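Throughout, read-outs are computed from the coordinates displayed, never taken from laboratory work. On a predicted model such as this, the values are computed, not experimentally measured, just so you know. Note that we place each Cβ from the backbone using ideal geometry, even for glycine, and neighbour counts take in every protein chain shown.
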Amino acid sequence: MGIGDNKIEYVVSAPGKVILFGEHSVVYKKSALCTSINKRLYVMLKTSTENKIHISFPQISTELNCNLEQFEKVVKKNCPLQNSTLQSILENPNLINHDEYLESLKNDLETLGVNTFDLKDKVGAALMAFMFAMRGICHSLQCDLVPFSLQVKSELEVGAGTGSSAAFAVAIAGSIFYYRKCLEMNKTLGFQNSSNFSPKQEQDIGVATESPTKIFSNEEIKIINKWAFCMEKLTHGRPSGIDNTTCTFGSVVVTCQNQDHPGELNFNILKNVPEISLLLISTGVSRNTSNLVAKVKQLRDRNCAVVDAIMNAMDVIATEACNTLDSLSVKSLNDTDILELYKTLGGLMELNHGLLRTLGVSHESLENIVDVTSRHGLTSKLTGAGGGGYAITLLPPNMSRGLIETLENELGPTFKVIEVSIAQEGVRFEKL
């Protein structure tokens, strides 16, 4: 498709996330709360007049360069399906035969010049996730591809438990979904620049000037979430889905048991959650999530009744935390009521961390954070798998701003401290 002077250029972003309550217990189908944060990952896509595709992931020092004809031949291949179906895989990526598709994608990447990689490696996982979405979302596209460059920029640390892989999956899926949408509409609209649509073009292609998040309809956001979940399977095997759901829809996501299908989880998105501030404190200690999950399983195998009781207690804590956040969303609260609810939330964090410590997933660096912040009247807990990684600290609204600097000095240079806000917007289109 010759685009002439036409130009497609846009940025799609997705937020990072942290688990507030329910680490490890969510593996056993208990309630958990996960929130989006105001640190984001950005995917910038710009069409080119050169017949080349350029993909850049600078955070992990990875690039993919190939000519358009070669790339299009790979992308337009049929996707292997689990069975013969008339349904569109665009809306139903779960119809893809996952194992066959992965083998096919490995061959695709070799064709494009990527010879050896490991899915457990950050580079291999990122390239595979990109191709998974590119080929799958552009499957059955009835027009030619347009050459483009795609670059990822992120405010999220890779592998630290703040949702970098989920935000990557969501933003990549959203970006490619919009690329397909632009190509389909470009045949009839002939627009010049996606950051400068006419009102009629905005209406037709789905761009909203007043609210960037409305570039995608609710149904399209659900489709993006489905693709992101499939991409998360590449590196996490059997993810719960809470990470990609949080990065897609934003706000605070609560898991609960599916009453119709025991063993499955439902995800509820809380509305009107206030922008509570947290400290996100990095221990600088790397950890292996799967090893920590296995450690808890081994403990449960030896002490099933005791560990199940701990999981049930964590389930109650998560439910109480959800109720507390609901109460904080009431606009008529006075300052005394708000401080009391913050105190309740902090107490629940303390209980949750204590139970996680009992499960053996804390670490001396995390305990140091808990002790230091506690001396200043603040409550902290580990977030994510534990064993290092990050802790979160609840910041009450009346806190002195100088306290953060005091905490940084007491913790020392090993610990990296940043302030974040919870309940942020999900996947969205950024104005250029």
For the chain, calculated [θ]222 nm from helices alone, where every DSSP H run of n ≥ 4 adds -39500 (n - 2.57): -14000 deg cm²/dmol
Quarter of the Cα convex hull surface for the stretch 373-413, i.e. its orientation-mean projected area (nm²): 3.3
Mean-position separation - Cα centroids, the stretch 117-173 and the stretch 21-97, in angstrom: 4
Average silhouette area of the chain, convex hull of alpha-carbon atoms, in square nanometres: 22.6
For the stretch 255-281 and the stretch 332-364, distance of Cα centres in Å: 17
Built amide H within the under 5 Å cut-off of LEU81, gap 5+: ASN97
Lys, Arg +1 and Asp, Glu -1 on Cβ, resulting dipole of the chain about Cα centre, debye, nearest 20: 380
Relative packing of peptides 250-261, 227-238 - highest average C-beta neighbours within 10 Å first: 227-238, 250-261
Integer Hz, Karplus 6.51/-1.76/1.60 couplings in order for the stretch 406-414, x for Gly and Pro: 4, 4, 4, 5, 6, 6, x, x, 5
Net dipole in debye of the stretch 213-280 [+1 Lys, Arg Cβ; -1 Asp, Glu Cβ; about Cα centre; nearest 20]: 80
The stretch 106-183 shape via C-alpha gyration tensor axes, a/c threshold 1.5: oblate
Size of electric dipole in the stretch 1-156: Cβ of Lys, Arg +1 and of Asp, Glu -1, about Cα centre, debye, nearest 20: 560
Rounded, prolate or oblate (a/c below 1.5 giving rounded, otherwise prolate when a/b exceeds b/c) for the stretch 1-95 by Cα gyration tensor: oblate
³J(HN,Hα) computed for each position of the stretch 12-21 - Karplus, 6.51 cos²θ - 1.76 cosθ + 1.60, integer Hz, glycine/proline x: 10, 10, 9, x, x, 8, 9, 7, 8, 8
Cβ crowding within 10 Å averaged over residues, with 271-278, 31-38, 101-108 ranked highest first: 31-38, 101-108, 271-278
Which of ALA321, HIS376, ASN352, positive extreme of dipole for the stretch 275-422 (C-beta unit charges): ASN352
Relative contact order computed over the stretch 39-162 (Cα-Cα under 8 Å; 6+ residues apart), in percent: 48
Distance violations [Cα-Cα > 21 Å] among LYS17/LYS271; LYS17/LYS416; LYS73/LYS181; LYS39/LYS297: LYS39/LYS297
In order through the stretch 262-276: 3J(HN,Hα) via Karplus (6.51 cos²θ - 1.76 cosθ + 1.60), integer Hz, x for Gly, Pro: x, x, 9, 10, 9, 10, 10, 9, 6, 9, 6, 6, x, 7, 6
Equivalent ellipsoid semi-axes - Cα gyration tensor, the stretch 275-422, angstrom: 27, 21, 11
Sequence-separation-based contact order of the stretch 275-422, relative, with Cα cut under 8 Å and 6+ spacing, percent: 45
Pairs from LYS76/LYS233; LYS153/LYS295; LYS29/LYS122 whose Cα-Cα separation, in the structure shown, is over 25 Å: LYS153/LYS295; LYS29/LYS122
Positive dipole terminus of the chain, leading residue within SER175, CYS230, ILE96 (C-beta point charges): ILE96
Relative contact order of the chain, pairs being alpha-carbon contacts under 8 Å that are 6 or more residues apart, as %: 26
